[in-house]
Amino acid sequence: MKKLLIVANWKSNKTESQAKEWLADLSFIISHLSIENKEIIICAPFTLLSEIKKTIQEHQLSIKLAAQDISRFEPGAYTGEVNGAQIKEFAEYVLVGHSERRKNFDESDQELAQKVKRARDAGLEVIYCVQGKETEIPHGIQIVAYEPTFAIGTGNPDTPENANMVALEIKKKNPSVRYVLYGGSIKPENVNSFTGMPDIDGVLVGGGSLDAKEFAYIIENA
Ligand code: PGA
């Protein structure tokens, strides 16, 4: 059985109490599932990383943590930024290049390359998001998420066949890439059509990850 990465991206959602309730619900459901080949990763807002880490440790949950962004600067006088060393205290992964960051915050490929460097310097594994097979991927990236913009939050996913073709192209062009995830309108009903494809190694789930039960079904069906 191939290893799958099932990644929840909460985006700018959830307060601390909502996150705790979600974790309690999810951990109860997944304790009844066999998920040995599935790595569950939550991309949580910065404000929640510390508390979620504590809960994961206390209850020995098989859940890993990711930040949704990282400062492109070293620690210092950059008001509002959160740097790699600060993230590394709580998380193992970081998302870089999500289309919402590229679009709403004008993040350029050059800035993203700086973020990848900072993440590596801090010992964080990058989940690098691309919108198509043409997007440049920085050297050495191991995990890529293919998330076509037309499919994000629209209920209109890419076809599994096309997503698989993109994933294969990405792997051929970038030999360091070991996992290609698909993101865009993933639901419990369609997840398996993507994870069943030979070159898709998991999913990045936005809206479908906000409800613990729905996300648990996604994990189960993947
Ligand atoms: P969605 O988001 O699951 O809400 O479509 C996916 C993504 O942001 O990659």
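Only the coordinates and a few stated rules stand behind these numbers; no lab work does. This is a predicted model, so every value here is computed, not measured. Note that we place each Cβ from the backbone using ideal geometry, even for glycine, and neighbour counts take in every protein chain shown.
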Pop a pseudo-label 7 angstrom from the Cα along the beta-carbon direction at both T47 and F73 and give the gap in nm to one decimal. 2.2 nm
Where the centroid of each part is defined by its Cα atoms, how far is the range 117-141 from the range 156-221 in Å? 18 Å
FRET efficiency, Q18 to K133 (Cβ-Cβ, R0 22 Å, nearest 0.05): 0.05
Can you give the FRET efficiency to the nearest 0.05 for T154 and Q60, using r as the Cβ-Cβ distance and R₀ = 35 Å? 0.40
Each label point is 7 Å from the Cα along the Cα-to-Cβ direction; what then is the distance between the points at Q142 and F28, in nm? 3.5 nm
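So for L204, L5, L33, L168, fewest C-beta neighbours within 10 Å to most, what's the order? Provide the component values of the computation, followed by the final result.
Details: L204 26, L5 22, L33 12, L168 16.
Fewest-to-most Cβ neighbours within 10 Å comes out as L33, L168, L5, L204.
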Residue with peak Gaussian network fluctuation, the chain [Cα springs, cutoff 10 Å], from A167, A67, A151: A151
